[in-house]
1. Assuming a viscosity of 1.567 mPa s and a temperature of 4 °C, what translational diffusion coefficient in µm² per second does Stokes-Einstein assign to region 97-189, Rh being the Kirkwood radius over Cα pairs?
2. Please compute the modelled spin-label separation between GLU44 and ILE26, points set 7 Å along Cα→Cβ, answer in nm with one decimal.
3. Write out the trypsin sites (Lys or Arg not before Pro) in region 116-181 meeting two conditions: DSSP loop, and at most 11 other Cβ atoms within 10 Å of their Cβ.
4. Give the residue from GLY52, ALA37, LEU183 lying farthest towards the positive end of the charge dipole for region 4-185; charges sit on Cβ (+1 for Lys and Arg, -1 for Asp and Glu) and the dipole is referred to the Cα centre.
5. Where in region 87-120 is the amide nitrogen less than 16 Å from a point lying 7 Å along the Cα-to-Cβ axis of LYS130?
6. In whole Hz, what ³J(HN,Hα) sequence does region 49-60 give by Karplus (6.51, -1.76, 1.60; θ = phi - 60°), x for Gly and Pro?
7. Would you be so kind as to identify which of SER23, GLN146, THR114 lies farthest towards the positive end of the dipole of region 4-185, taking Lys and Arg as +1 and Asp and Glu as -1 on Cβ and the Cα centre as origin?
8. Between region 1-76 and region 89-149, what's the alpha-carbon centroid distance in Å?
Amino acid sequence: MHELILASSSPRRRELLSGVGVSFKIIPSNMDEDINALEGSPEEKAEKLALGKALDVAERIDSGLVLGADTIVVLNGRIFGKPRDRQDAFEMLSNLNGQVHQVITGVALVDAKTGKHRVSHETTTVIFRKLSDDKIIRYLDTGEYQGKAGAYAIQGTGALLVERINGCYSNVVGLPLSLLDKLLEEFGQRLL
């Protein structure tokens, strides 16, 4: 059995893994997360970032199965990462307002000992409610938007911004658990 190492300091990813009873260690990646510097489709970019994070950590340790993940929000081909500040968050939420967008999470596993790796992604469609500027401002006042792709957290107050989703809920939170389980099976491991 490989030790699972999460290449992220994301509290949401920690909570998701802990919530399904997974034992893991945290070694955050030091990789630059500039998605705009990467070539390819949004899905390819999310996968490249996830793999880059996992490889960054795998290179620093002798053994273990390193999990890298990267979540982005995409509206009409435009990628929304984490907001730089409150104004950036307001602009993101104003763009998403009343729209249908996709949440894409790249997921990568790297065996630090052998270098074997697997990478994939999950896409979930999110339908936002039509929101007034006042409602967006009140959401920003919670501070919850900070550090969240697309400037919202569906697992928190941000759920009030969402009309419905089609697809994997844990993907929108930041880690598609079903996909992770499939990838782990390729290394002879399982979440259950």
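1. Details: Rh = 14.7 Å.
Roughly 88 µm²/s, to the nearest whole number.
2. 3.3 nm
3. Values: sites: LYS116, ARG118, ARG129, LYS130, LYS135, ARG138, LYS148, ARG164; in loops: LYS116, ARG129, LYS130, LYS148.
Sites meeting the loop and neighbour criteria: LYS130.
4. My answer, from the dipole projection, is LEU183.
5. Correct set: 94-100.
6. Whole-Hz 3J(HN,Hα) from phi for region 49-60: 5, 4, 5, x, 5, 5, 5, 4, 6, 4, 5, 9.
7. SER23
8. Between the Cα centres of region 1-76 and region 89-149 lies a distance of 15 Å.
Readers should treat all values here as calculations from the given coordinates under stated rules, not as data from a laboratory. These numbers come from a predicted model, not from an experiment. Note: ideal-geometry Cβ built from the backbone for every residue, glycine included; neighbour counts use all protein chains shown.
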